[in-house]
Amino acid sequence: MAGNGLRKEHAGNVRKRVLLIIGGGIAAYKSLELIRLFRQQAIAVQCVVTPAGQEFVTPLSVAGLSGERVFTELLSLTDEAEMGHIELSRSADLLVVAPATADLLAKMAAGLAGDLASTLLLATDKKILAAPAMNLRMWLHPATRRNVDILRQDGVVFTGPNEGEMACGEFGPGRMAEPAEILAAANSLLETDTQLPLPAAAGRPLSGKKVVITSGPTHEPIDPVRYIANRSSGAQGHAIAHAAAVAGASVTLISGPVAIADPAGVNVVNVETATQMLDAVTNAMPADIFVSAAAVADWRIAAVSPQKVKKSGQQAPELELVENPDILKTIATRKKSRPCLVVGFAAETFDLIKNAKQKLTGKKCDLVVANDVSTEYGVMGGEQNSVHLITKGGVDSWPLMAKSEVAVRLVDVLATMLREKDDGMS
Ligand code: C5P
């Protein structure tokens, strides 16, 4: 512990409070600049420096810059009397982990709580922003990739790492985001409500319900080595599957080819083409809720070449396309055992609401989640999403938020709609 006595009151108006956890990495020196930037914007910063972090920055310099007492140890009776670890983790509006080392990310993903930093990260009821920094091989290691996927699904938001030369002389992704970038990401999170609901507080509203979700792109083969696809990462659909499982549903996720991890507690069926996706969805019926989050290719090649198509002179090959089945509409118009709720997605680059309303009626859905996928918003493959929920009753526009949060809130809405329908029937 460093600094004198309890938290000092800041001069001027403190707009927000951040708890900054400084892990052990060469990038820790940038966190000193980050503290300065936060304070310039009237954001108070309480810091925790891990034992490894103390090898790179001293608690004394952190206390000097933050103007607050710095915490370093989990078990301190004095601290528990003055400010317990639970209060420490909850008194902030946002937790920022910078640098977020491979070790810290692994602890967070596993839910470990053997030291102060990991305990605070597990006990918090606020959003977490992580700025990873590590050697590029550590960042690219399958274990770290898995941990990052799990943390994203748990709602952790990432900024960076950036590509560049590393302290160890190698070049690639692993450099911590610059302090100004971390500040911008924190400010964007602080603009919305950073309070997280208690995971079990709302009970398990989808307990006993079956949810089928499609996610990711479909790949439509041209020949054995080429295919038509789209840019869907599967992040939003997978997050919805995870949120539905957390809400107690039995979830079948039918996924096109994606590079992200399977969500925990979900039955995953992997497919490639739209036709295979339709078969898998039909096999997974009946269900209480069907969410069609996949970006299904509208067309496939009429005659897939059994051999690799070769260049022949100047003539480019002509690809004849046939329309794929509309999985969403097929399920929404089932005569027998139609799911109680059918949810479609409308990813548009213009006339978003108009197109989404047409999809609601045209595809006979109960709800359409519309999102603007123009490149300027970075939704495709990004971490955040700005959605509008369209029902017969009207349009509900949500602010920009993490895809994991869209998922949790959407599952909440679906649980309420399902309950209302069930009540209406009884
Ligand atoms: O018509 P459009 O492709 O824009 O519609 C998007 C919605 O329809 C999404 O929910 C998508 O999953 C679903 N869809 C489908 N099968 C298709 C095309 C789209 O289920 N062949």
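The values are calculated or read from the model by the stated rules, or taken from the named source; none is laboratory data. Predicted, not measured: the structure shown is a model, and the values here were computed from it. Every residue, glycine among them, receives a Cβ derived from its backbone with ideal geometry; neighbour counts consider all protein chains shown.
The set of residues in the stretch 308-333 being assigned to a loop (DSSP other than H, G, I, E, B), of a type outside the set (Val, Ile, Thr) and within 16 Å of the ligand (Cβ to nearest atom) consists of ASN324, PRO325, ASP326. Taken as a whole, the condition of being closer than 28 Å to VAL395 by Cα, assigned to a strand (DSSP E or B) and without any contact (Cβ under 8 Å) to a residue 60 or more places away in the chain applies to VAL342.
The test for being surrounded by fewer than 24 Cβ atoms within 10 Å (Cβ to Cβ), modelled with pLDDT under 95, farther than 26 Å from ASP125 by Cα and not assigned by TED's automatic domain parsing to the domain that holds ALA180 holds for ALA11. Within the stretch 119-138, residues that are at pLDDT 95 or above and part of a loop (DSSP other than H, G, I, E, B) have Cβ atoms under 8 Å from residues that are charged (D, E, K, R) and crowded, with 19+ Cβ neighbours inside 10 Å in these pairs: ALA133/ARG175, counting only partners at least 6 apart in sequence or on another chain. For the stretch 218-251, a residue qualifies if it is in a strand (DSSP E or B), of a type outside the set (Asp, Glu) and surrounded by fewer than 24 Cβ atoms within 10 Å (Cβ to Cβ), and the qualifying residues are PRO221, ILE222, ARG226, TYR227, ILE228, SER250. ALA249 meets the conditions (1) within 15 Å of the ligand (Cβ to nearest atom); (2) within 21 Å of ARG338 (Cα to Cα); (3) touching an Asp or Glu at 6+ places or on another chain (Cβ under 9 Å) in every case but one. The failed one is (1). Taken over the stretch 24-69, the residue count meeting the criterion of being free of Cβ contacts under 8 Å to residues at least 40 places away in the same chain and outside any helix (DSSP H, G or I) is 7. State yes or no: is ILE21 in the same structural domain as VAL97 (by TED's automatic domain parsing), part of a strand (DSSP E or B) and in contact with a helix residue (DSSP H, G or I) (Cβ under 9 Å, 6 or more places away or on another chain)? Considered against the rule, which asks whether it is in the same structural domain as VAL97 (by TED's automatic domain parsing), part of a strand (DSSP E or B) and in contact with a helix residue (DSSP H, G or I) (Cβ under 9 Å, 6 or more places away or on another chain), ILE21 comes out as yes.
Inside the stretch 287-307, can you point out the residues that are small (Gly, Ala, Ser) and more than 9 Å from the ligand (Cβ to nearest atom)? Of everything in the stretch 287-307, those that are small (Gly, Ala, Ser) and more than 9 Å from the ligand (Cβ to nearest atom) turn out to be ALA287, ALA302, ALA303, SER305. With a requirement of 3 or more residues that are closer than 26 Å to GLU348 by Cα and in contact with a strand residue (DSSP E or B) (Cβ under 9 Å, 6 or more places away or on another chain), the strands (runs of 3 or more DSSP E) lying completely within the stretch 252-307 that satisfy it span 289-292, 299-301.
Considering the conditions (1) part of a strand (DSSP E or B); (2) loosely packed, with under 15 Cβ neighbours inside 10 Å, SER337 is excluded by exactly one of them, (1). Exactly one residue among GLY248, GLY256, GLY265 is under 30 Å from ARG409 (Cβ atoms), of a type in the set (Gly, Ala, Ser) and at pLDDT 95 or above, and that residue is GLY256. Is it fair to say THR361 is within 12 Å of the ligand (Cβ to nearest atom), assigned to a helix (DSSP H, G or I), over 15 Å from SER215 (Cα atoms) and in the same structural domain as GLY256 (by TED's automatic domain parsing)? For THR361, the condition - within 12 Å of the ligand (Cβ to nearest atom), assigned to a helix (DSSP H, G or I), over 15 Å from SER215 (Cα atoms) and in the same structural domain as GLY256 (by TED's automatic domain parsing) - is not met. Considering ALA284, ALA274, the condition of being more than 13 Å from the ligand (Cβ to nearest atom), assigned by TED's automatic domain parsing to the domain that holds GLN236 and under 26 Å from the mean Cα position of the chain (by Cα) is satisfied by ALA284 alone.
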